[in-house]
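Structure, as structure tokens:
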Amino acid sequence: MPSANIAVDTIVSPPFMENSLIVRVEGRDDCLVVDPGFDPEAIAEKMKSLGVEPAMVLLTHGHADHIAGNGFFKERWPDVPLVIGTGDAGMLTDARANLSALAGGSITSPPADRTVDEGDVIEAAGISLRVLEIPGHSAGHVVYVIEQVEPHIVLGGDVLFQGGIGRFDFPGGNEQKLLNGIRTKLYTLPDETIVYPGHGPSTTTGEEKRSNPFVHM
């Protein structure tokens, strides 16, 4: 899986079985937290066991199951920035836009400290990440590509799953944009590239090009 000097730990949060990620350079005492879901305490406990603290919270998109833990992290680590794609930033503070109100809840997040767009490069915790915009599951969905290791790593949110793709029937969804983004931005990465999705097990771009029934080259 990832090269020896970058580790990715996954914490699965019920009820939607969303993957929250802790991404770190081995030997450092800081990390990236990606998409903290409904169980931020479990993420914090795992971080404690690893001896790391967050340098940045990265969000792939603004749906409630991927942002529910933001408040926890900002309360405990107020100086740690929340980062999200420009197109989804408004969803953080709007329960209807992030879909929690539709499920009978009202989940909101502190606002973003930084927004990112296609081609931006983020550096934190000793890790450099290139931002790709892949809308279709949400209007402003982004993924983060780590190219400093072989194989490359994609922190992919709800775009490409093992044998599946993200839903596109939510507000802001668009099937053609999603499929086109996968083909032109993920499938053009090396076949060995590891994709950590927002739900389910990790996969590779090569495996999905060969076998994903929803999107082919």
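Could you say whether any residue in the range 45-66 is in contact with a Phe, Trp or Tyr (Cβ under 7 Å, 6 or more places away or on another chain), open to solvent by less than 10 Å² (accessible area, probe 1.4 Å), more than 17 Å from residue 139 (Cβ to Cβ) and at pLDDT 95 or above?
Yes; the residues of the range 45-66 include at least one that is in contact with a Phe, Trp or Tyr (Cβ under 7 Å, 6 or more places away or on another chain), open to solvent by less than 10 Å² (accessible area, probe 1.4 Å), more than 17 Å from residue 139 (Cβ to Cβ) and at pLDDT 95 or above.
Restricted to the range 88-102, and to residues that are out of contact with any His (no Cβ under 8 Å at 6 or more places or on another chain) and in contact (Cβ under 8 Å) with a residue 40 or more places away in the chain, which residue is surrounded by the most Cβ atoms within 10 Å (Cβ to Cβ)? I'd like the intermediate steps shown before the answer.
Taking the range 88-102 as the starting set, the residues that turn out to be out of contact with any His (no Cβ under 8 Å at 6 or more places or on another chain) are 89-90, 92-97, 100-102.
Restricting the remaining residues to those that are in contact (Cβ under 8 Å) with a residue 40 or more places away in the chain gives 89, 97.
Working: 89: 19, 97: 21.
It comes out as 97.
Taking only the range 108-123 into account, find how many residues are more than 18 Å from residue 33 (Cβ to Cβ) and either touching a Leu at 6+ places or on another chain (Cβ under 6 Å) or open to solvent by 70 Å² or more (accessible area, probe 1.4 Å) (or both).
3
Just one of 105, 126 is open to solvent by 10 Å² or more (accessible area, probe 1.4 Å), more than 17 Å from the chain's Cα centre (by Cα), closer than 21 Å to residue 172 by Cβ and among the small types (Gly, Ala, Ser); which is it?
105
Looking at residue 11, is it touching a Ser or Thr at 6+ places or on another chain (Cβ under 6 Å), farther than 17 Å from residue 88 by Cβ, assigned to a strand (DSSP E or B) and of a type in the set (Val, Ile, Thr)?
Yes: the conditions hold for residue 11.
Would you mention how many residues in the range 167-206 are open to solvent by 40 Å² or more (accessible area, probe 1.4 Å), of a type outside the set (Ser, Thr, Tyr) and farther than 24 Å from residue 35 by Cα?
So the count comes out to 3.
Condition check ((1) under 12 Å from residue 134 (Cβ atoms); (2) not hydrophobic (A, V, I, L, M, F, W, C)) across all residues:
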{"residue": "170", "(1), (2)": "no, no"}
{"residue": "177", "(1), (2)": "yes, yes"}
{"residue": "212", "(1), (2)": "no, yes"}
{"residue": "217", "(1), (2)": "no, no"}
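Do you know which residues across the range 34-64 are in contact with a Pro (Cβ under 8 Å, 6 or more places away or on another chain) and in a helix (DSSP H, G or I)? Spell out how you get there, then give the answer.
Going through the range 34-64, the residues in contact with a Pro (Cβ under 8 Å, 6 or more places away or on another chain) turn out to be 38-39, 43, 47, 56-57.
43, 47 - these are the residues of the range 34-64 that are in contact with a Pro (Cβ under 8 Å, 6 or more places away or on another chain) and in a helix (DSSP H, G or I).
The values are calculated or read from the model by the stated rules, or taken from the named source; none is laboratory data. This structure is a prediction, so every number in the text was calculated from the model and none was measured. Positions of Cβ are backbone-derived with ideal geometry, glycine not excepted, and every protein chain shown enters the neighbour counts. Each accessible area value is taken on the protein alone, full model and side chains, heavy atoms only, with ligands, DNA and RNA left out. Shrake-Rupley method; radii C 1.70, N 1.55, O 1.52, S 1.80 Å.
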